[in-house]
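I have placed the structure first, in the form of structure tokens, so that the comments after it can refer back to it.
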Amino acid sequence: MENNQAGNRKAKHTMEMLMMVIALTLVTVIAASLLGVTDMFTREPIRQAQRAMLHRSLEQVLPAHVNSPIDDKLVWDVAGKNMPVYLARDVQGRVTALAWEVVAPDGYSGSIRILIGISPSGGIHAIRITAHQETPGLGDGIVHNKPWLDFFVGKTLDNIHWAVKKDGGDFDQFTGATITPRAVVKAVRKGLEFFKINRQKLLKMAAHLDIQSKKGKLPS
Amino acid sequence: MNKTEILADGFWHNNTIFAQLLGMCPLLGVTTSAINGFWMGAATVLVLLGSNIVVSLIRGFIPKNVRIPAYIMVIAAFVTVVGMAMNAWMHDMYLILGLFIPLIVVNCAILGRAEAFASKNSVLDSATDALAVGLGFTFALMLLGSVREILGHGSIFGLSLFGEHYPDFLMFVLPPGAFIALGFIIAGVNIINRRRGRAAQSVAACRPAAHAVQE
């Protein structure tokens, strides 16, 4: 009799455990399918939204051009990672500017991504912030503060001291926010140094790309 | 409870922000402008609607012991769906709200509604409750966002109010300003409630804030 009762209790317990496992499994499966379906519908729009965003930023950092920089790009290998370098060309197919993204890892909260547009001679055409998590109202001036962004225009590695004023340089910091502008200035300077070292090779690759694309177009 | 009561309760008497003081993280994080507050609220309404309806649907089927993980799973799924949709079709706003979208998962107000309401009520009542609570939350976010935007930037919904020479009160853009503005708003809400002779309901859910006003 007692044995029977214990057996019943055990069977009931097992049933309850089983129900929990089934319930949680079902909820998980349904949630996962919902996510899968959503991913199917949103993947392409997300890709397009990101592309539109990049296109907008490129138009802002590059001078007037006749090609489509978002597709006319060369791929630079940085420590095993492919970094796209976008090109602006004039009617003759000459490169009038190059643009690529640099990352400032030392922002106030996380890394800041900066798109740099630069002329073949090494002068900045314009810079834009493409992603950041800086404090609204303080550090995010790097996005909204037009005079501050415009200060970079025409600057080369040699015609200005690349540091914020607090560090003895020429770039303004913001009231209450020094770390953010400091990180951006440092990252842009590194970008310029990268260009100085690799300028010849980059321009050669760009010219080669143009010949190739013209060859490709010939039959059509 | 009839539908009107559910609506009034969710939107005002038991308002997530003014009465329960829940969901402070998105409240303080994204309400730097009225428009940010609005979209954060809209995203929360969608998640609440989804989670309340589903939780109500499965309320007879989920064993008591595992109901919280099940609810969290439901909420997390809806948050991810809303996040993906915003990323696809409202990319700019998605970038602004950023981290706060996934953080809707841990907005205890949503789990609170699942546990306290949807798990005990019909689907229709739960959907009504989600709408009421969600809109109440949105209203609070927009109100605080408006106050902070007006004081901090001299603008509302991006439209300049006082001309270019407005001295921006930076403090109201930063988190401390959010706390201060919220304190005054809650004080105001309590005054309104008392005037209307309905303070009793709000005091029960919001004792500390009510005391502060009484003192």
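Any read-out appearing in this document is the output of simple, stated calculations on the displayed coordinates, not a laboratory observation. What you see is a predicted model; the values in this text were computed from it and never measured. Cβ: placed from backbone, ideal geometry, glycine included. Neighbour counts: every protein chain shown.
How charged is the neighbourhood of A:HIS55? Take every other residue with its Cβ under 13 Å from the Cβ of A:HIS55, and add Lys/Arg as +1 and Asp/Glu as -1. All intermediate terms of the calculation are to be shown ahead of the outcome.
Details: positive: A:ARG47, A:ARG51, A:ARG56, A:LYS73, A:ARG128; negative: A:GLU59, A:ASP71, A:ASP72.
Neighbour charge sum, excluding A:HIS55 itself: +2.
Once the piece of chain linking A:ILE197 and A:ASP71 is laid out straight, how much longer is it, given 0.36 nm per residue of separation minus the C-alpha distance between them?
Values: separation 126, 0.36 × 126 = 45.36 nm, distance 2.46 nm.
Additional length available on full extension: 42.9 nm.
Taking other Cβ within 10 Å of each residue's Cβ, how do B:GLU164, A:GLU44, A:GLU101, A:GLU59 sort, fewest first?
Working: B:GLU164 6, A:GLU44 10, A:GLU101 19, A:GLU59 15.
Ranked by crowding around the Cβ, least crowded first: B:GLU164, A:GLU44, A:GLU59, A:GLU101.
Report the residues of the range B:121-142 in range of a label on B:MET1: point 7 Å along Cα→C-beta, backbone N strictly under 12 Å from it.
Backbone N within reach: B:121-122, B:125-134.
Using a Förster distance of 45 Å, how high is the FRET efficiency between A:SER111 and B:ILE156, based on the Cβ-Cβ distance and rounded to 0.05? Working shown, then result.
Values: r = 32 Å, r/R0 = 0.72.
Taking R0 as 45 Å, the efficiency between A:SER111 and B:ILE156 is 0.90.
Suppose R0 equals 60 Å. What FRET efficiency, 1/(1 + (r/R0)^6) with r the Cβ-Cβ distance, do A:ASN3 and B:LYS120 give to the nearest 0.05?
On the way: r = 39 Å, r/R0 = 0.66.
Once rounded, the FRET efficiency stands at 0.95.
So for chain A, averaging the separation of alpha carbon pairs under 8 Å that are six or more residues apart and normalising by length, what relative contact order in percent results? Write down the numbers at each step before the final one.
Details: 300 pairs, mean separation 29.7, N = 220.
Computed over chain A, the figure is 14 percent.
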